[in-house]
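The values are calculated or read from the model by the stated rules, or taken from the named source; none is laboratory data. Quick caveat, the model's predicted, so the values are computed rather than measured. Please note: Cβ atoms are built from the backbone with ideal geometry, for glycine as well, and neighbour counts cover all protein chains shown.
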Amino acid sequence: MPAETKEVKMYSDYKSPFAYLAFDPAFELEQRFRIRIRWIPFQLRIKGKGERSLYSEHKARYSYLDARRWAKPRGLIIRGPLKVYDTTPALIGGLFAEQQGRLLDYSRKVYELFFKRELEADQPDAVASVIESLGMSANDYRKFLSVDGALAYQRAQDEAANDHVFGVPLFFFENEPFWGHDRLPVLEDRLTQARLALD
């Protein structure tokens, strides 16, 4: 009888450089452990320039510097956005792509374009163009955005509230949280301890 596959939740937002850094390595864990990553969209609430304290401004600049350090060896480009984005259209796009079995392709493209400053992730038409470029239906996405997608997105935000999510990427395994892309090795140790490593 095959061993049970366990779920690992991954809360994510397309405007987070650290969620970008975590995305592929997280899904690669499925190749080494008896787990399934469940991607859950979460809207980060970020203050814009002029709304942050000077200390928070310094921290934001450092965060992007640090993200670029991690990204460079992997050939990823991370440029800080020029405004604060409400990424709801892109996140609902992720839910739509997941229904089509295309979450990984879609997310990789959205992250890449967003951090090259080539995607307005708050604009449904821009997101629809990404959907279409991947061979999915832009019209079906637009329909999904306004009804079923909006409901699924709200359920995700409610689940995040119940899980006390405060940032991304945030992973949960058996209700234990692991925050940050640099906690993936700690999560990996935990999965090993749980005897979930594939032979």
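Things worth noting here:
- In the condition set (1) in contact (Cβ under 8 Å) with a residue 40 or more places away in the chain; (2) touching a strand residue (DSSP E or B) at 6+ places or on another chain (Cβ under 8 Å), A90 is compliant with all but (2).
- In segment 111-155, residue nearest to G80 (Cα to Cα) [restricted to those that are in a helix (DSSP H, G or I) and among the acidic types (D, E)]: E112
- When residues in segment 140-181 are screened for being touching a helix residue (DSSP H, G or I) at 6+ places or on another chain (Cβ under 8 Å) and either of a type in the set (D, E, K, R) or on the phi < 0 side of the Ramachandran plot (or both), 17 of them pass.
- Test set (1) among the aliphatic types (A, V, I, L, M); (2) closer than 20 Å to E28 by Cβ; (3) assigned to a loop (DSSP other than H, G, I, E, B) - A97 fails condition number: (3)
- Selection status of I35, buried (at least 19 other Cβ atoms within 10 Å of the Cβ), more than 14 Å from the chain's Cα centre (by Cα) and either modelled with pLDDT of 95 or more or under 26 Å from L196 (Cβ atoms) (or both): yes
- The lone exception for D158 - which of (1) under 16 Å from E98 (Cα atoms); (2) part of a helix (DSSP H, G or I) it fails: (1)
- Filtered residues of segment 155-177 (kept if under 18 Å from A22 (Cα atoms), touching a residue at least 60 places away in the same chain (Cβ under 8 Å) and not small (G, A, S)): V165, V168, P169, L170, F171, F172, F173
- Only one of R79, R108 that is among the basic types (K, R) and touching a residue at least 40 places away in the same chain (Cβ under 8 Å): R108
- Every listed requirement among (1) more than 14 Å from V8 (Cα to Cα); (2) more than 19 Å from the chain's Cα centre (by Cα); (3) of a type in the set (G, A, S) is met by A194 save one, (1).
- Residues being closer than 17 Å to N162 by Cα and more than 9 Å from the chain's Cα centre (by Cα) - total across segment 8-24: 2
- Filter result for E30 (loosely packed, with under 14 Cβ neighbours inside 10 Å and over 22 Å from A161 (Cα atoms)): no
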